[in-house]
Amino acid sequence: MWILDVVALVVALAAAGLAVVALRRQAATRRTRTPGADALPEDVLGLRQEVAALRAEGGDALRHLAVVRYDAFGDMGGHLSWSLALLDDAGDGVVLTSIHGRSDARTYAKNVTAWTSQQQLSPEEEEAISHARSA
């Protein structure tokens, strides 16, 4: 009985040894066949430069957005009025506001530069800018 155990152990060790030799040969073949292995740092540098350029280009995108819905008049419900801030990374953009009344709706646009506006902002517009800044 123990002879079978010893034979099984010898066969298992031989198989493990052959597997290790095969893996080493495969790794050596892969290293010699990889084209441009020396060019890898240059490629990484190029990719980093591309990512930096994309980040700089994306800074002008309107990525900071927020909407505040509210009731402009006490006798109306449903939060039909709203203020929308559309800003880039520098805080430049616009705040759009729509005031919904019983018989009409009015829409306003105010320029925003560096997270502030030269025109007077309503509390809801300021809130929209604040939420957009933290987004």
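Nothing in this text is a laboratory measurement; each read-out follows from the coordinates by a stated rule. Please read these numbers as outputs of a predicted model, since none were measured by experiment. As a convention, Cβ positions derive from the backbone with ideal geometry for all residues, glycine included, and neighbour counts pool all protein chains shown.
Taking a Cβ cut-off of under 13 Å around GLN120, the surrounding Lys, Arg, Asp and Glu residues balance to a net charge of -2, with basic ones at +1 and acidic ones at -1. Going from the fewest other Cβ atoms within 10 Å to the most, the residues HIS79, HIS64 appear in the order HIS79, HIS64. Each residue in SER117, SER83 was given a count of other beta-carbon atoms within 10 angstrom of its own, and listing them fewest first yields SER117, SER83.
Summing charges over neighbours of ILE129, with a neighbour being any other residue whose Cβ is under 12 Å away from its Cβ, gives -3 when K and R count +1 and D and E count -1. By the count of other C-beta atoms within 10 Å, a proxy for reagent exposure, LEU65, LEU87, LEU96 are ordered fewest to most as LEU65, LEU96, LEU87. Counting charges near SER83 (Lys, Arg +1; Asp, Glu -1) among other residues having Cβ under 11 Å from its Cβ returns a value of -2.
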